[in-house]
Amino acid sequence: MKKLLTTALFTVLLLPSLASAELLKNLRMGGQLDVQSNSARNIQDFTTRDRTPSGGRAPFYNDRLGNTLTRTMVDLHWDLLDDVHAELTFRKNNRVWGSSTTAASGYASTASMRSDQYVDASEPVGSGGILGQLFLNRANITIDKLFGFADMTLGRQYYGAPGDLVLFWGPKDSYGFPTTAIDAVSAKFETDHIRVTGMAGTTKASEYQYVGSTSPYSTFLSSASASKHIRGLDIMLKIPHVKVNTYVWNQLIQASAGLGNTFNAPGANDNLYVYGMKVRAEAHGQIFGFWMNLDTAFNTGTCSAAGNCLLTTTSGPDQYNFGTHYSGYGGMVDTGVNLDIPNVGGFTPWGHFAWGSGRRESYGINDGFYTIASDYRPGIINRRFGALLFDNFGVGNTADAAGGPRGGVGTTGLNNRVVWGAGMNMTIAAIERLTTSFQFWDYRFQRNTMRDPNFTTTNPATEKTSRSVGNKHIGSEAGMTLTWAHSENVNLTVGGATFQPGGYIRNWIDNRNTVNSQTNNNGRGVNPAYAMFADWMVRF
């Protein structure tokens, strides 16, 4: 397989005169270049300090960020046969401008600053040159009208729609430009009134593959342990001005238990079902328009230690955190009005509300709301930096003497969340290429799950009390973006926002300041997070 990819890439890049050969019939090349410049402060700890405390843990107190990241994706499409089409997508986004890198995460860098990069894998700093950091995100074929009615795609592919509540694999615009894919078989049947799509696939920790020989994932999916098997069906009915989707998806996390084990045995499979409905409604007039999106989703299935339930811990606060059945639910609604005033411009006020159930201290039931690969990332700072928000201070865990990262408060998906937002998008007729957006967002837990940092007992009654009190407010953010549409395929977005920490974060920091082992935290304050950014997007 690797030799075939290398030969195809060599042929396309170095021997374009052969592209018209039968092997690469009707070759088409496209892609996208994304550039992301970031400047931010207090994202990870909501604290501003100008000095390093005793212990030398400066990153926890001097949380500043400033860099420029790039992602280049090149798509190759050609016809293998008249009714069979091939697709490859290559991606490279491991470099921070002006520095070498040590990881494929998209933003980790070393102290050495260079303007060059080796082509082969012999680069002495980091994990290889360009070939060692070139990823293959899509490699699939599509068969037209299989069995006379369905288009079927086989291989590594993107799936779903950006922003989807339940699942999406593909390029994302969050910090570091993460890009995911799934090895799957998918099929689509569509008419003027109905669309039916289905997919069955498998994904694992690495949802991409290196092209160069330095790949640590050369045995991708060689083990069944912890593999995630995804399958589902989505049916859309198309009615004038309304589209209605019903869907059901299943995620099976394959674990290490042998055959014959009971469903709640240690190492048993985790079997999550997510089903629900989507409604997309809109109406347009000459001046006035209206739109509304409604999503509902529900969980069922068996929950085990392989996934989101802890059953057999012998000590610590999770000893009694039982759960064997999924029963969560969530939903969200978007609505807005489009006003197009001649010679003045367009104005779109909008509102958003979302709610997802949180986990209770209960035996036999996991009633938190779980999804499969959610891309629901509301807001500006949360959308970009959600995985980093307050991740340096052990949120939701017992006291951590090392102060190391143990999880944050970013909102991706709706598990244990209440989110609302409102804003206005404006386009002035005299500058019709410029769109201005004002946004405000608020984030809360549906249930407070904070444990007292001094909590050491494994008594379930004490744990229940410690997890049911406290402030649920994570925080709120306000910001503005300006988008200049240079053309259909080129645009620039600049913006800025501030995230104000809520009572949950303030209480957590106050509690941590009282823990004797956390002497470096004494006097630690609570400050807002700030971010400014400039993003380029060029399609070709």
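For this structure, a couple of remarks:
- Simple label model, 7 Å out from Cα along Cβ direction - residue 195 to residue 65, nm: 3.3 nm
- Potential extension, residue 77-residue 283 segment - 0.36 nm per residue separation minus Cα distance: 70.5 nm
- A Förster radius of 45 Å combined with the Cβ-Cβ distance from residue 432 to residue 527 puts the calculated FRET efficiency at roughly 0.70.
- A simple spin-label model places pseudo-atoms 7 Å from Cα toward Cβ; at residue 480 and residue 237 they are separated by 4.5 nm.
- Paramagnetic reach from residue 245 (point 7 Å along Cα→Cβ, amide N under 20 Å) across the range 285-299: 291-299
Coordinate-derived values only; no laboratory data. What you are looking at is a predicted structure, and each value in this text was computed from that prediction instead of being measured. Methodologically, a virtual Cβ is constructed for each residue, glycine included, from the backbone with ideal geometry; neighbour enumeration extends over all protein chains shown.
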